[in-house]
Amino acid sequence: MAEAKWYVIHTYSGYENKVKANIEKTIENNKHLAEQILEVRVPLQDVVELKNGARKTVQKKMFPGYVLLNMEMNDDTWYVVRNTRGVTGFVGPGSKPVPLTEAEMKPLGIKTENVSIDFGEGDSIAVVAGIWKDTIGVVQKLDYGKQTATINVELFGRDTPVEISFAEIRKL
């Protein structure tokens, strides 16, 4: 079996979420594809907009017209993705898709190495590095994609959620 890598597909502008839904539906209908196409992602970023004097945080697409896929490249997966409604093609020279490098994936918050952790939601942890060093908190949420844990820390007398890398925390 080939190794799964991240690829970029080009879509019609505004069709990113429809393409994601179509690919996920195809995976759902063809169980053998679920082991080959692992994740479909439309990268989003938080943007602060100022409307009528009020600040509002909204999510916008990082790359309009593009969708990221974590998949094993073979004739079947290439055919399924390429023939999905709204997809215009893979990013790469000619018809040969080129996987993203580690350096290209890092700013997107995608980590490739798997880290095993010995804590879960509800566990007490201690922060051992970074700005929150020597802080103790309870894990509220785990994000394995970004390899971060959200914990509540006391800040100015109230609990504040903080996102911390798995590498910076240890179970108590």
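The values are calculated or read from the model by the stated rules, or taken from the named source; none is laboratory data. As the structure is a computational prediction, the values presented were derived from the model and not from experiment. Backbone-built Cβ (ideal geometry, glycine too); neighbour counts: all protein chains shown. Just the protein is used for accessible areas: all its heavy atoms, side chains included, with ligands, DNA and RNA removed. Shrake-Rupley method; radii C 1.70, N 1.55, O 1.52, S 1.80 Å.
Name the residue, out of Leu44, Leu108, Leu155, whose mean-square fluctuation peaks in a Gaussian network model built on the chain with Cα pairs under 10 Å. Looking only at Leu44, Leu108, Leu155, the biggest GNM fluctuation is shown by Leu155. Each helix, a run of at least 4 DSSP H residues, gives -39500 (n - 2.57); summed and divided by the residues of the chain, these come to -4500 deg cm²/dmol at 222 nm.
Taking the Cα centre of the chain as reference, the dipole from Cβ charges on Lys and Arg (+1) and Asp and Glu (-1) amounts to some 760 debye.
With respect to the chain, whose longest principal axis is taken over its alpha-carbon atoms, helix 16-29 is tilted by about 80°.
Amide H of Lys5 versus every other amide H placed in the peptide plane: which residues, excluding those fewer than 5 positions away on the same chain, fall under 5 Å? Counting only residues 5 or more places away or on other chains, the set is Met71, Glu72, Met73. Annotation: amide H-H contacts under 5 Å for Thr148 (H modelled 1.01 Å from N, sequence separation of 5 or more, or interchain): Asp143, Phe166. Given the pairs Lys31/Lys171; Lys51/Lys106; Lys25/Lys60; Lys60/Lys141; Lys5/Lys56; Lys20/Lys133, which span a C-alpha to C-alpha distance of over 29 angstrom in this model? Over 29 Å Cα-Cα: Lys31/Lys171; Lys51/Lys106; Lys5/Lys56; Lys20/Lys133.
What accessible area per residue, rounded to a whole number of Å², is obtained for the chain using a probe radius of 1.4 Å? Numbers along the way, then the final one.
Working: 11230 Å² over 172 residues.
Dividing the accessible area of the chain by its residue count gives 65 Å².
Shown in residue order for segment 5-11 are the 3J(HN,Hα) couplings computed by the Karplus curve 6.51 cos²θ - 1.76 cosθ + 1.60 at θ = phi - 60°: 10, 8, 10, 10, 10, 9, 10 Hz (x for Gly and Pro).
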